[in-house]
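Heads up, the thing below is written out as structure tokens.
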């Protein structure tokens, strides 16, 4: 997934204040109190770090604002001065609550949300028209309505010479309404370019829509049972059906990247692995896709968070040692040591790289990190995947 939406966070003047917090509300009576107690710990950390009182206040207002999301989840907020730069609800609570006040915010929560995000169009259709709901992690949600305008909708079993004509008029109305919906869906697909088009509702209307949408829409179409434009839908059942469809799509999307990494490592060109080599190619702007192993426990970029790297004011000024950065012309006073995940993700965002979490065990990546490359040359590390799981050293050709 592309990380374009995070660019404002790395090219912003002044220190940024970021908070990643578990905002799960256990129950209606005590849920707000639980979130406030967690926030109070983060507030003290920000005060200790020297964050301005006005910034802490706007972060607090954002963090404590109800998400109306059921079940476990988290929240990631970045602010400067009196302005919130980013406010995202996370699909899962963070492994640990964090608060930073620095020029280099922790991007891991936002990257996690981006990796999990799917841009999709949900079409709830019946024989009269449809509701179109757009879901985009970066752009919120939009809802639109399409009405076909043809109201001969119900067949009847009365018999007689006129029954066949009436049924043909009804069928024609259904088809005309489906065509009206299809035209609008095709327009939205062309304009917004979703990754998936989910369709639910009246079974016959769904079938008619599938028959008349354009090729671009048909290739993205997935039927999801349990939804309807009418009242009385079991929302929890339908939400679970949507969740399962999106999870299956995320798995396919990640596997496509994993296949490319395996192929590139197998031929010894086009990908690197190990933190040192990833830093090397990030510094040169070679990275097309950063790939990080994610453990079954959900400890996002855990291995990277256990190490530190050095960096300068520019996101591409990074190195394993301080002298790696000063060798790039950065004054020694401007060189800082940060957690490796902060430095690596900052550099990936700066060069328009994508990001993919790979489930642990799906790839053999030294240090739990690798990268697909835009280009390579004689100075680029050339390597192959480790021969077996216990092999902790990649082999250079």
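Details
- One chain, two ends: residue 175 and residue 230. Fully extended at 0.36 nm per residue, the span grows by 17.8 nm beyond their Cα-Cα distance.
- Mean Cβ neighbour count within 10 Å, used as a protection proxy, ranking 91-100, 117-126 highest first: 117-126, 91-100
- Virtual paramagnetic centre 7 Å along Cα→Cβ of residue 243, amide N under 17 Å, in the stretch 44-75: 67-75
- Length gained when the stretch residue 40-residue 215 is fully extended (0.36 nm per residue, less Cα-Cα span): 57.7 nm
- Distance between the modelled labels on residue 4 and residue 306, one decimal in nanometres: 3.7 nm (7 Å Cα→Cβ projection).
- For the stretch 1-116, the calculated P(r) over all alpha carbon pairs, in 5 Å bins from 0 to the bin holding the longest distance, is 2, 13, 24, 25, 20, 11, 5, 1, 0 percent.
- Taking 0.36 nm per residue of separation and subtracting the current Cα-Cα distance, fully stretching the chain between residue 262 and residue 204 would add 16.5 nm.
- Overall shape: prolate for the stretch 49-128, with the ratio a/c of the largest to smallest alpha carbon gyration tensor axis at 1.5 or above and a/b above b/c.
Rule-based calculations on the coordinates, nothing more; no lab input. Quantities reported herein were computed from a predicted structural model and do not represent experimental measurements. Here the Cβ is made from the backbone with ideal geometry for all residues, glycine too, and neighbour counts use every protein chain on show.
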